[in-house]
Amino acid sequence: MAKKTAKKYYVVWRGLKPGIYHSWDEAKKQVSGFVGAEYKSFTSLADAEEAFNGNYIDYKGKATTSKKVFSKKELEEIGEPILNSLSVDAACSGNPGTLEYRGVYTETETEVFRRGPYEEGTVNIGEFLAIVLGLAWQQKHKLNMPIYSDSRTAISWVKKKKVNTKLKKSKKNEELFYAVAQALEWLKNNKIEVEILKWRTDAWGEIKADYGRK
């Protein structure tokens with residue numbers, strides 16, 4: 001029986017049409033014959049999304065798999081996730097594509113909020129909005145739980161109170177950009193009083209708010 005090939009996602013930073021492609025055939029069309037093309041494969045869509053919002057030089061020559069085998073000592077040092085917390089995640093069919101996001105209690109995976117679908121969004125924008133909504137939701141309900149996200153980019157945007165997306169505003173995503181503007185306004189006028197933590201997918205598996213569509 002032939003061994004199943006692992007799914008890969010291809011980030012094209014420089015090419016005919018930069019973006020994230022779900023097959024090498026599509027990515028190859030963007031970089032073949034293009035002088036100075038910059039591209040790389042990733043083993044998860046989340047990693048590809050994060051890389052596309054970064055710089056090629058930060059990924060050139062580095063391993064791109066999010067899976068890792070840890071020693072017992074390393075796992076002890078990483079520890080377990082805080083169960084009394086909120087986990088958020090976003091799902092996007094394409095890049096850009098139809099976007100939705102949600103938040104759940106980490107311990108029980110009970111959904112506490114969900115937004116979308118929005119037309120023409122990206123995962124990192126969804127993750128950003130989910131974190132901010134999680135902050136606002138906790139403030140409203142007078143709670144103080146850590147928030148987990150598996151997107152370093154979105155966490156950075158929240159902490160810097162600035163969204164650095166390559167997504168262009170259009171008729172299709174006016175509602176989404178309005179939501180981003182509202183989130184930035186909330187961050188401007190409110191103090192962040194809970195921890196925002198990076199979910200360790202490499203050690204803990206998929207975040208509890210994951211949509212299970214990878």
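Among the residues of segment 203-214 satisfying the criterion of being at pLDDT 80 or above and open to solvent by 40 Å² or more (accessible area, probe 1.4 Å), which is farthest from residue 131 (Cα to Cα)? This residue is 204. Here is the figure for segment 104-146: residues that are more than 25 Å from residue 166 (Cβ to Cβ) and either among the acidic types (Asp, Glu) or buried (at least 24 other Cβ atoms within 10 Å of the Cβ) (or both) total 3.
Residue-wise test of (1) modelled with pLDDT of 80 or more; (2) touching a strand residue (DSSP E or B) at 6+ places or on another chain (Cβ under 8 Å); (3) over 21 Å from residue 207 (Cα atoms).
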{"residue": "12", "(1), (2), (3)": "yes, yes, yes"}
{"residue": "18", "(1), (2), (3)": "yes, yes, yes"}
{"residue": "28", "(1), (2), (3)": "yes, no, yes"}
{"residue": "34", "(1), (2), (3)": "yes, yes, yes"}
{"residue": "37", "(1), (2), (3)": "yes, yes, yes"}
{"residue": "46", "(1), (2), (3)": "no, no, no"}
{"residue": "61", "(1), (2), (3)": "no, no, yes"}
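Scanning segment 34-53 for residues that are touching a residue at least 40 places away in the same chain (Cβ under 8 Å) and part of a loop (DSSP other than H, G, I, E, B), we see that the one that is most open to solvent (accessible area, probe 1.4 Å) is 53. Within segment 168-182, the residues that satisfy the criterion of being open to solvent by less than 50 Å² (accessible area, probe 1.4 Å) and not in a helix (DSSP H, G or I) are 170, 173.
Within the set 135, 86, 143, 167, the sole residue that is out of contact with any Lys or Arg (no Cβ under 6 Å at 6 or more places or on another chain), aliphatic (A, V, I, L, M) and under 26 Å from residue 12 (Cβ atoms) turns out to be 167.
Residue-by-condition table, conditions (1) within 17 Å of the chain's Cα centre (by Cα); (2) more than 24 Å from residue 107 (Cα to Cα):
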{"residue": "152", "(1), (2)": "yes, no"}
{"residue": "167", "(1), (2)": "yes, yes"}
{"residue": "181", "(1), (2)": "no, yes"}
{"residue": "184", "(1), (2)": "no, yes"}
{"residue": "189", "(1), (2)": "no, yes"}
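The condition of being under 26 Å from residue 98 (Cβ atoms), without any contact (Cβ under 8 Å) to a residue 12 or more places away in the chain and in a helix (DSSP H, G or I) holds for only one of 127, 185, that being 185.
Looking only at segment 144-158, decide whether some residue is among the basic types (Lys, Arg) and free of Cβ contacts under 8 Å to residues at least 12 places away in the same chain.
No, because not a single residue in segment 144-158 is among the basic types (Lys, Arg) and free of Cβ contacts under 8 Å to residues at least 12 places away in the same chain.
If the condition is being in contact with a strand residue (DSSP E or B) (Cβ under 6 Å, 6 or more places away or on another chain) and hydrophobic (A, V, I, L, M, F, W, C), then segment 160-193 contributes only 176. Just to be sure before I move on: is residue 193 more than 20 Å from residue 19 (Cβ to Cβ), in a helix (DSSP H, G or I), out of contact with any helix residue (DSSP H, G or I) (no Cβ under 7 Å at 6 or more places or on another chain) and not β-branched (Val, Ile, Thr) in the structure I sent? No. Taking segment 71-103 as the search range and keeping residues that are at pLDDT below 90 and basic (Lys, Arg), which one is most open to solvent (accessible area, probe 1.4 Å)? Checked segment 71-103; the qualifying residue most open to solvent (accessible area, probe 1.4 Å) is 72. For segment 187-202, give me the residue count where each residue is more than 20 Å from residue 89 (Cβ to Cβ), open to solvent by 40 Å² or more (accessible area, probe 1.4 Å) and modelled with pLDDT of 95 or more. Total satisfying the criteria: 2. Taken across segment 77-94, residues that are without any contact (Cβ under 8 Å) to a residue 12 or more places away in the chain and either touching a helix residue (DSSP H, G or I) at 6+ places or on another chain (Cβ under 7 Å) or more than 24 Å from residue 170 (Cα to Cα) (or both) do occur, with at least one present.
The values are calculated or read from the model by the stated rules, or taken from the named source; none is laboratory data. What you see is a predicted model; the values in this text were computed from it and never measured. Cβ coordinates were reconstructed from backbone atoms using ideal geometry, including for glycine residues, and neighbour counts include every protein chain displayed. Heavy atoms of the whole protein, side chains included, go into the accessibility calculation; ligands, DNA and RNA do not. Shrake-Rupley method; radii C 1.70, N 1.55, O 1.52, S 1.80 Å.
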